[in-house]
Amino acid sequence: MALYSEKVMDHFRNPRNVGVIENADGVGEVGNPVCGDIMKIYLKIEQDVITDVKFETFGCGSAIASSSIATELIKGKPLSEALALTNKAVVEALDGLPPQKIHCSVLAEEAIKKAVQDYYDKNGIAYDACQFSDCSHCAHGCCSGGEA
Amino acid sequence: MKIDTVAQNIDMLSLSAHKFHGPKGIGVLYAKRGILPEIVIHGGAQERGRRAGTENVASVMGMAAALTEACENMEQNAARVTALREKLIDGLSRIPYAELNGDRKNRLPGNVNFCFEGIEGESLLLLLDDKGICASSGSACTSGSLDPSHVLLAIGRPHEVAHGSLRLSLSEETTEAEIDEMITSVTDVVTYLRNMSPFWRDLTTGKRPHVFAE
């Protein structure tokens, strides 16, 4: 499988930040078992900074690597930076993903956004809904705009 | 298995050499006299005008040798491999929420195919590859399409469980030690992947219903 870069294989074989956070400040779960991909991100937030992050993933090598590196990219960062994380940044950090696996990086970006949105919702913090548009789910085609 | 093209009324039969320990890249298409398969490679008149291109003689000889050997030792090989298959199936069946795909008895001597709830096939294959075990899966991620194996779906496996499939094909050279290793490795890898799967967590906490018994 020279399909995957060394970085992807490293994050797949040695995923960082696997686990759950009890009483997490924000939890975001995306994907569904029919598609074969689910990512769940748990955030611990203090004064708008992500002090701890954990993930759980059901999916392929790219999915596990994408979620692993995504947690590394946002750990210790302010929420604003986490929200600005794009799937492109995830792909770059992994030294690239095969074209048919790009959607895994999209899921990682969405899972983080969902976790932050959950934190805002739980604490009654106002936010711009357009930042969290759910329509991006349709981008990978299999979920046909929501739960299948 | 014994094949008699006359008694079994076989019109056409295709054989892949690598399936009986012959070289890869060569096969046989048998067609009953009077049946003319469509010509797909045009050009010279080789193979009685049915398939153009100079024949790959070395591979044909390799295939013939493999076929002869396979037929001569068919019964002993089938018995030995079947016994190994049974041990592997028994071992993998001990993994919770795992099910064999296809009939327990009526299956090829070397074929083992399981679905494991809560995990995905490609990650299973990558981790097994790291342990020196080559296998295949029917998950969507391994097929390059968005759907998992149409065969698994056709036999009634729901999508989520078809994604967690594993196929191990035994050969005449597989040893019992390797079977033991496969059982241990697959059990370890399935457990490891389940421990990081939110899907598995939901199954164990009852948030999602199990598909399999156990």
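All of the numbers you see were taken from the coordinates with simple rules; none came from a lab. All values derive from a computational prediction rather than experimental measurement. Here Cβ is always computed from backbone atoms with ideal geometry, including for glycine, and neighbour counts include all displayed protein chains.
For this structure, a couple of remarks:
- The length gained by stretching the chain between B:Thr54 and B:Asp130 to full extension, at 0.36 nm per residue less their Cα-Cα distance, is 23.3 nm.
- Averaged over residues, the count of other Cβ atoms within 10 Å places the peptides B:183-194, B:103-114 in the sequence B:183-194, B:103-114, highest first.
- Averaged over the residues of A:48-61, the number of partner chain Cβ atoms lying within 10 Å of the residue Cβ comes to 5.
- 10 Å Cβ neighbours from other chains, averaged over peptide B:98-108: 0
- Most fluctuating residue given options A:Asn32, A:Asn87, A:Asn123, as computed from a GNM of chain A linking Cα atoms under 10 Å: A:Asn123
- Paramagnetic reach from A:Arg16 in region A:80-98 [backbone N under 20 Å; point 7 Å along Cα→Cβ]: A:80-97
- Within the straight-line cut-off of under 16 Å between alpha carbons, the aspartates and glutamates reachable from B:Lys32 are B:Asp4, B:Asp11, B:Glu47, sequence neighbours fewer than 8 places apart in one chain being disregarded.
- Flagged links, alpha-carbon separation over 32 Å, of B:Lys2/B:Lys131; A:Lys54/B:Lys87; A:Lys54/B:Lys131: B:Lys2/B:Lys131; A:Lys54/B:Lys87
- Cysteines having no other Cys beta carbon under 4.7 Å from their own, within chain B: B:Cys71, B:Cys115, B:Cys134
- Rg and Dmax [Cα atoms of chain B; Å; Rg one decimal, Dmax integer]: 20.8, 67
- For B:Ile26, the residues 5 or more places off, or on other chains, whose built amide H falls under 5 Å of its own are B:Ala17, B:His18.
- In this structure, the amide hydrogen of B:Glu120, modeled 1.01 Å from its nitrogen in the peptide plane, lies closer than 5 angstrom to those of A:Gly59, counting only residues at least 5 positions away or on a different chain.
- For the protein assembly as shown, the spread of Cα positions along each principal axis, largest first, Å: 79, 49, 34
- The GluC sites (Glu not before Pro) of region A:1-102 meeting both criteria, a DSSP state outside H, G, I, E and B (loop) and at most 12 other C-beta atoms within 10 angstrom of the site's C-beta, are A:Glu22.
- Sites B:Glu47 and A:Ala84 - FRET efficiency at Förster radius 56 Å, r taken between beta-carbons, to 0.05: 0.35
- Sequence-distant contacts, meaning Cα pairs under 8 Å at least 6 residues apart, place the relative contact order of chain A at 26 percent.
- Degrees between helix B:176-195 axis and first principal axis of chain B (Cα, 0 to 90, nearest 10): 50 degrees
- Multiplying each eigenvalue of the alpha-carbon gyration tensor of chain A by 5 and taking the square root yields semi-axes of 23, 18, 13 Å, largest first, rounded to whole angstroms.
- Reachable aspartates and glutamates from B:Lys207, criterion Cα separation under 20 angstrom, eight or more residues apart if same chain: A:Glu22, A:Glu29, A:Asp37, A:Glu56, A:Asp118, A:Glu147, B:Glu117, B:Glu120, B:Glu160
- In order along region B:209-214, the Karplus-derived 3J(HN,Hα) couplings, from 6.51 cos²θ - 1.76 cosθ + 1.60 at θ = phi - 60°, round to x, 6, 9, 9, 7, 3 Hz, and Gly and Pro are given as x.
- The simple Förster model, with R0 at 22 Å and r as the Cβ-Cβ distance, assigns B:Glu214 and B:Ile155 a FRET efficiency of 0.70.
- Shown is the FRET efficiency for B:Ser143 and B:Ala83, computed with R0 = 30 Å from the Cβ-Cβ distance and rounded to the nearest 0.05: 0.40.
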